[in-house]
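The values are calculated or read from the model by the stated rules, or taken from the named source; none is laboratory data. These numbers were taken from a predicted model, which means no experiment stands behind them. Neighbour counts run over all protein chains shown; Cβ positions are idealised from the backbone, glycine included. Side chains included, ligands, DNA and RNA excluded: accessible areas come from the protein's heavy atoms. Shrake-Rupley method; radii C 1.70, N 1.55, O 1.52, S 1.80 Å.
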Amino acid sequence: KKMASTSEPTVDGVRADAAEHCSAPMAELQHGSPRALATLATCSLNQWALDFDGNLERVLESIRQARAAGARYRLGPELELPGYGCEDHFYEPDTLLHSWQSLAAILRSGLTDGILCDIGSLALHKSVRYNVRILCLNGRVLLVRPKLSLADDGNYREGRWFVPWCESRGIEELVLPDFVQHAAGGQRTVPIGFAALEFDDASAGAETCEELFTPDAPHIALALDGVEVIANGSGSHHELRKLDRRLQLLRSATAKAGGVYLYANQQGCDGGRCYYDGCALVVVNGEVVAQGTQFSLRDVEVVVATVDLEAVRSARAAFVSRS
């Protein structure tokens with residue numbers, strides 16, 4: 001029996017008021033069992049800067065594979081629609097336009113029916129450019145979640161093209177482009193800000209790449225606010241021992257506070273100087289339960305895991321000092 005499929009998820013801006021939303025359960029309640037199982041998918045994609053048609057097809061294929069595996073959540077890499085390494089092409093209006101056109105094509109495809117799709121792209125809000133996660137379900141856009149902390153060390157120059165979102169702004173309304181409004185069945189606006197989605201049977205929140213590495217990472221607030229599933233779409237290039245560092249951070253993120261953590265990454269060269277090493281991951285309560293390959297030659301690699309959300313709730317309830 002699917003849990004409470006009649007009510008709609010709310011946008012919870014740690015915490016915000018209800019906004020535009022659609023109905024879908026994330027977990028299944030097992031007969032005669034306290035378990036609530038959720039099938040979740042993450043992926044590594046070989047995206048290329050400005051290859052809008054190719055990037056779109058790889059995103060669509062990853063959603064198809066996630067749906068075929070029975071997943072209710074699909075997570076993709078950072079800036080997967082335009083490609084991470086667009087550099088100064090991020091300044092061009094066409095880059096923004098074609099990214100929104102790609103999103104409209106995803107909404108029209110029907111592939112978001114019954115599966116929450118977490119898509120990496122960019123958005124312009126009040127004449128400011130943001131690196132964002134766009135969460136879609138049932139042909140609607142539920143939330144635009146802008147990046148809070150930008151990567152500007154080493155080979156990263158995100159501050160040249162994007163502005164970090166200030167949490168104190170709370171949740172605002174982003175007006176969608178007219179062709180996206182049409183593709184989304186007449187939806188005019190979408191909430192934008194640091195928020196999570198609350199369903200009847202589970203809750204889900206997002207962070208992006210660099211945010212995992214910061215001392216006050218968003219997953220801390222999300223976990224303390226009861227969010228069970230936290231997803232990170234990244235554009236993390238290869239360095240020696242960097243995968244080990246990611247694993248340490250991902251385990252730590254859920255070992256102490258409990259939770260399910262999905263990690264997606266780019267793979268391949270993207271057209272720039274860096275090589276992205278993929279290795280999508282699913283971590284539950286500090287343990288790696290699914291891991292993709294590193295340095296894969298496949299354009300699309302989807303990693304799927306079925307997790308027990310009650311194990312998350314039980315682990316968190318064991319921390320008496322949690323509150």
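What the table shows:
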quantity: Matching entry among L148, L143 (being of a type in the set (A, V, I, L, M), surrounded by fewer than 23 Cβ atoms within 10 Å (Cβ to Cβ) and at pLDDT 95 or above); calculated: L148
quantity: Matching residues in segment 85-141 - criterion: being acidic (D, E) and within 29 Å of F199 (Cα to Cα); calculated: D113, D118
quantity: Complete set of residues in segment 174-183 that are charged (D, E, K, R) and surrounded by 15 or more Cβ atoms within 10 Å (Cβ to Cβ); calculated: none
quantity: Within segment 147-202, tally of residues that are under 22 Å from D88 (Cβ atoms) and of a type outside the set (V, I, T); calculated: 17
quantity: Number of positions in segment 270-301 that are open to solvent by less than 30 Å² (accessible area, probe 1.4 Å) and within 28 Å of R157 (Cβ to Cβ); calculated: 12
quantity: Some residue of segment 110-120 being part of a strand (DSSP E or B) and open to solvent by 30 Å² or more (accessible area, probe 1.4 Å); calculated: no
quantity: Which listed residue, of E20, E61, is in contact with a strand residue (DSSP E or B) (Cβ under 8 Å, 6 or more places away or on another chain), open to solvent by 50 Å² or more (accessible area, probe 1.4 Å), at pLDDT below 60 and closer than 20 Å to V141 by Cα; calculated: E20
quantity: R74 vs. criteria touching a Cys at 6+ places or on another chain (Cβ under 7 Å) and either outside any helix (DSSP H, G or I) or over 24 Å from C269 (Cβ atoms) (or both); calculated: yes
quantity: Which listed residue is small (G, A, S) and either more than 16 Å from the chain's Cα centre (by Cα) or closer than 23 Å to V302 by Cα (or both), from A231, A196; calculated: A231
quantity: Meets criteria (part of a helix (DSSP H, G or I) and among the polar types (S, T, N, Q)) for S168; calculated: yes
quantity: Search result, residues across segment 78-112 that are closer than 19 Å to L137 by Cβ and not polar (S, T, N, Q); calculated: E80, L81, W100, L103, A104, A105, I106, L107, R108, G110, L111
